[in-house]
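Have a look at the structure below, then the notes.
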Amino acid sequence: MNELDMILSIDYLKDNLVLALTGSTMALIGGGSMMGYKTWKTGFRYKNKLQNKYDALGIFLLSIFVSSFATFIVNQIWLGVTNNITFIQTISAILIVGMISLNFMVSGWRQDDQKSINVHCLAIAITAIEYLLNM
């Protein structure tokens with residue numbers, strides 16, 4: 001199998017879709033925000049307290065460790081889930097998780113607006129069509 005055939009194979013795509021689900025889920029959970037720190041142009045705050053550079057480095061490195069561990073766990077969960085669903089259902093899951101994550105990241109966006117509902121309905125529809133075609 002040449003490299004192009006491998007990239008176009010369903011297994012290769014499905015494995016990489018798991019990475020997309022993992023990334024969307026981690027965006028929903030939040031990396032640095034999971035640890036409670038915020039940065040801006042001139043400083044670093046942890047739990048609303050300004051930190052010096054040494055403390056900020058420790059907090060940042062700890063957050064990398066925690067985020068890496070959380071990413072591994074989330075990836076393993078998605079691997080388990082996607083082993084039991086089809087490629088199309090995986091695409092549907094990416095659409096749903098991606099829209100939920102995006103709506104959480106933008107403070108003024110709602111989960112129940114028409115565009116979000118359209119994406120959720122599209123995901124449900126393509127899964128339903130797949131189901132009907134395989135009956």
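The values are calculated or read from the model by the stated rules, or taken from the named source; none is laboratory data. Small disclaimer: the values here were computed from a predicted structure and weren't measured. Reconstructed Cβ throughout: ideal geometry from the backbone, glycine too, with neighbour counts over all protein chains shown.
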Next item on the list: Show the residue pairs that are 6+ apart or on different chains and have beta-carbon atoms under 6 Å apart, the first residue being within the stretch 51-78 and closer than 30 Å to Thr90 by Cβ, the second being at pLDDT below 85.
Entry: Ser63/Gly32; Ser63/Met35; Ser67/Gly31
Note to self: Looking at Thr86, Thr22, can you tell me which residue is surrounded by fewer than 16 Cβ atoms within 10 Å (Cβ to Cβ), under 28 Å from Asn118 (Cα atoms) and free of Cβ contacts under 8 Å to residues at least 60 places away in the same chain?
What the structure shows: Thr86
Checklist line | Checking Tyr37 against (1) touching a Ser or Thr at 6+ places or on another chain (Cβ under 8 Å); (2) surrounded by fewer than 17 Cβ atoms within 10 Å (Cβ to Cβ), the condition it does not meet | finding: (2)
Next item on the list: Examine the stretch 54-77 for a residue that is part of a loop (DSSP other than H, G, I, E, B) and either closer than 14 Å to Leu21 by Cβ or not assigned by TED's automatic domain parsing to the domain that holds Ile129 (or both), and state whether such a residue exists.
Entry: no
Next item on the list: For residues that are of a type in the set (A, V, I, L, M) and at pLDDT below 80, scanning just the stretch 30-55, find the one that is nearest to the chain's Cα centre (by Cα).
Entry: Met34
